Every structure is written in C-alpha cells, then in structure tokens.
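The values are calculated or read from the model by the stated rules, or taken from the named source; none is laboratory data. On a predicted model such as this, the values are computed, not experimentally measured, just so you know. Because the Cβ atoms are built from the backbone with ideal geometry, glycine has one as well, and the counts that use them run over all protein chains shown.
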C-alpha cells in the first residue's frame, strides 16, 4: 500500500482496543486496530490529533459504539481516500460500502456484485487489506455458509462488531 506523503495520524482508544486513524489531504485514509494484519509503515506519518477528517471520524465511531449502528454507513460523513490500493482493491472497498449495518454478504456475493464471480480469492485478499476497517465494513463479509472467516483485526473483533450491529450474533467462528 502506498499512502500520501502528507499522511497524518492519531491513535484513539476504542472499546475494542487502540485504533490508529490516518488522513491524507483528500480524506480519511486509514483505520487500523493495534496489532492487526497488514499494518502499513506508519513511521513517516506525522501525529495530528486535531485533523478534521480524523476528529469527525472519531465522532462517528463514538456514535457507533454508543448504539447508532448506522453511524458508519455510506455515505460516510467524511471523505474517504482509498488511493493506497490498486484499482481492483479500490473497487472491492467501494463495493463493501454498500453493505449496511445489520447485514452481511458472502465473499461470493460481493464478487457477483462486482461482476467478477470467479475472483473470489482475489476479492478475499483485497478485503483483508482494507485500510479503512469499520468504515469500509469488511467485517460484514462472511463465508459462503455464513461462518465468520478472516478479519485483519481478529475474528473476536469481527464477532463483537457483528453482534453490536445485530447481525449474526450467534454464529460460531470458523475453525
């Protein structure tokens, strides 16, 4: 992933652990759980706790955890900068924005919606590298039979998020 050279960041304590949010001059560019898979190199990012994109996103995240499950749904209140990904990744991430809170889709359903039904594995890799977790709702993508599979932030977080949204509150985690 390649982020804008003027990317700024701020780390915030969420109910599911520390989250680092990043922003470029164009919009919110990242929401990363501490220790998640596929973390970018954040060493060059300048800390900025007052960035408007980041602060507005934290406001929406706080509303989400206060019980407004739709606070993160599209259209999101903050511009999103998805430019760190390839064209294919960006198309997958934009497709995820159409999965509302309280609902899930399988990887196959997302691939069908993109018109690429044979690209399920590539789609899964793109979902796993989503840089704006929670807001680009990769946690709402599940296995073909509804099982909880793959989440860069950890399956326990995926289960917590889906339970918060009243989507699949009782499904087991994949083995």
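Counting only residues that are in contact with a helix residue (DSSP H, G or I) (Cβ under 8 Å, 6 or more places away or on another chain) and closer than 19 Å to residue 158 by Cβ, which one in region 56-76 is surrounded by the fewest Cβ atoms within 10 Å (Cβ to Cβ)?
Initial filter on region 56-76 (in contact with a helix residue (DSSP H, G or I) (Cβ under 8 Å, 6 or more places away or on another chain)): 60-61, 63-65, 69, 71-72, 76.
Next, only the ones that are closer than 19 Å to residue 158 by Cβ stay: 61, 64-65, 69, 71-72.
On the way: 61: 20, 64: 22, 65: 14, 69: 17, 71: 18, 72: 23.
Going through the qualifying residues, I end up with 65.
Residues that are closer than 21 Å to residue 33 by Cα, assigned to a helix (DSSP H, G or I) and within 14 Å of the chain's Cα centre (by Cα): does region 96-114 have at least one? Scanning region 96-114 turns up at least one residue that is closer than 21 Å to residue 33 by Cα, assigned to a helix (DSSP H, G or I) and within 14 Å of the chain's Cα centre (by Cα).
Take the residues in region 117-132 that are at pLDDT 95 or above and not in a helix (DSSP H, G or I), then tell me which one is nearest to residue 67 (Cα to Cα). Selected residue: 132.
Within region 135-152, the set of residues being buried (at least 24 other Cβ atoms within 10 Å of the Cβ), touching a strand residue (DSSP E or B) at 6+ places or on another chain (Cβ under 8 Å) and not in a strand (DSSP E or B) comprises 135, 136. Surrounded by fewer than 18 Cβ atoms within 10 Å (Cβ to Cβ) and either touching a helix residue (DSSP H, G or I) at 6+ places or on another chain (Cβ under 6 Å) or not in a loop (DSSP other than H, G, I, E, B) (or both): does that describe residue 90? Yes: the conditions hold for residue 90.
Restricting attention to region 40-55, the residues that are in a loop (DSSP other than H, G, I, E, B) and either surrounded by 14 or more Cβ atoms within 10 Å (Cβ to Cβ) or over 20 Å from the mean Cα position of the chain (by Cα) (or both) add up to 9.
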